[in-house]
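Down below is the structure, laid out as structure tokens.
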Amino acid sequence: MAGEVLGFVGLGQMGSRMAARLIDAGHALVVFDPVEAAVAPLVARGARRAASPAEVADLADIVLASLPTPDVVRAVGLGPDGVLSGQRARRFVDFSTTGPRVAQQVAAAFEERGRTSIDAPVSGGITGAEKGTLAIMVSGPRAEYEALEPVLRVMGKPFFCGEKAGQAQVLKLCNNLLAAAALVASSEAIAMGVKAGLDPSLICEVINSSSGRNSATQDKFPRAVIPRSFDFGFTTALSLKDVGLCVDEAGAMGVPMVVGSAVRQMLAVTSATFGPGSDFTNVARLVEGWAGVEIGGA
Ligand code: NAD
């Protein structure tokens, strides 16, 4: 893999940080994003600008992507100006969270043309993307995974999830359902405690030493809800997309998700109330409003 040119499509919150790490690690990088403000900082760091995903794939051996939705992944991978129409790249690695179906569709189209598409959704947020500590869930041919491992290690810790396209996407949806469910359930529990006169920091401290501890009580409440900053760094729109994908895929697989459906509705109401661009910790504010309390610092 040494000496191979890398491409990166989708330079948003996650992609820009992952691409910057690749440049800092010494990789030659070709980049594309329709938003100029996303491209310019990476070009200033030494990346080469391309005019489309197809041009990225004309200039690079491996194309990486971090994109917002399944439709955008389908267009970037398989569309008229997409990666598959580029001449040089043989490998496509998709870090986006877009569910197993689009991963399977893209992988099949690449395989038909003698190329490989790997799904590699990530967890760890923008801090993980910046520090190179993401959990990277990978599915696809094992030999391809092994060949890509040194590049993936620049961005985090890769986990091989299986050879079947989309398996890593399923695991990522399972994780994000649990993260959102923990946030919703913790909001209800902590609002109740506060209404009874308990201090929210004490509630978290005790729960974190007890069996109810979870990612919301350990991280999201102390960092973004109790200080009232609501800036954990993950939008309600993205969480709603992830949980929606999860519940839909589970339904298609014959796995009923009663709790998952309730979590999805809570995120939908949070989005309608505070806007899709709001931080998803605003779920707590929704519960606060209904309960008539504020989960604030002492
Ligand atoms: P983002 O919206 O900040 O970035 C998406 C980027 O894709 C934007 O720069 C946008 O201009 C670009 N884009 C849109 N359409 C495009 C197209 N047709 N061609 C090329 N580029 C296009 O989103 P993000 O927060 O960086 O998330 C990216 C992916 O990573 C999502 O699937 C998300 O679910 C996942 N994810 C995000 C986080 C997080 O904390 N933000 C954590 C883990 C996983």
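The values are calculated or read from the model by the stated rules, or taken from the named source; none is laboratory data. Computed from a predicted model, the values in this text were never measured in an experiment. Please note: Cβ atoms are built from the backbone with ideal geometry, for glycine as well, and neighbour counts cover all protein chains shown. What goes into the accessible areas is simple: the full protein's heavy atoms, side chains included, and nothing from ligands, DNA or RNA. Shrake-Rupley method; radii C 1.70, N 1.55, O 1.52, S 1.80 Å.
For the chain, the solvent-accessible area of protein heavy atoms averages 43 Å² per residue (probe radius 1.4 Å; ligands and nucleic acids excluded). Using only the alpha-carbon atoms, how far is helix 258-274 inclined from the longest principal axis of the chain? Give it as 0 to 90 degrees, nearest 10. Result, in degrees: 90. For residue 48, nonlocal amide neighbours, meaning residues 5 or more places apart or on other chains whose placed amide H falls under 5 Å from its own, are 29, 30, 31.
When 93, 255 are compared by accessible surface with a 1.4 Å probe, the order from highest to lowest is 255, 93.
Stokes-Einstein diffusion of region 145-292 at 20 °C, 1.002 mPa s viscosity, Kirkwood radius from Cα pairs, rounded to a whole number: 129 µm²/s. Of the solvent-accessible surface of the chain, computed with a 1.4 Å probe and all protein chains present, 56% belongs to carbon and sulfur.
Rounded to a whole number of µm²/s, how large is the Stokes-Einstein D of region 6-165 at 20 °C and 1.002 mPa s, given Rh as the Kirkwood radius over C-alpha pairs? Estimated diffusion coefficient is 143 µm²/s. Against the chain, whose longest principal axis is taken from its Cα atoms, helix 167-195 shows a tilt of about 20°. Annotation: lysines with alpha-carbon distance below 25 angstrom to residue 220 (same-chain offsets under eight excluded): 131, 157, 172, 195, 241. Across region 6-165, C-alpha contacts under 8 Å between residues 6 or more apart give a mean separation that, scaled by the residue count, equals a relative contact order of 20 percent. The relative contact order of the chain comes to 14 percent, based on Cα pairs under 8 Å that sit 6 or more residues apart.
Once a ≥ b ≥ c are taken as the square roots of the eigenvalues of the Cα gyration tensor of region 1-94, is the result rounded (a/c under 1.5), prolate (a/b larger than b/c) or oblate (a/b not larger than b/c)? Oblate. A dipole drawn for the chain from +1 and -1 charges on Cβ atoms has a positive end, and of 107, 240, 118 the residue lying farthest that way is 118. Helix 236-252 against the longest principal axis of the chain: what's the angle in degrees, Cα atoms only, rounded to the nearest 10? Value to nearest ten degrees: 80. Classify region 12-61: rounded, prolate or oblate, from the alpha-carbon gyration tensor (a ≥ b ≥ c, eigenvalue square roots; a/c under 1.5 rounded; otherwise prolate if a/b is larger than b/c)? Oblate, since a/c reaches 1.5 and b/c is not below a/b. Distance from the alpha carbon centroid of region 183-214 to that of region 46-70 works out to 45 angstrom.
What you get for region 199-294, charging only the Cβ of Lys and Arg (+1) and of Asp and Glu (-1), is a dipole of about 40 debye around the Cα centre. Mean separation of Cα pairs under 8 Å and 6 or more residues apart, divided by the residue count, gives region 138-241 a relative contact order of 19 percent. The Rg/Rh ratio for the chain is 1.01, where Rg is the radius of gyration of the alpha carbons and Rh is the Kirkwood radius.
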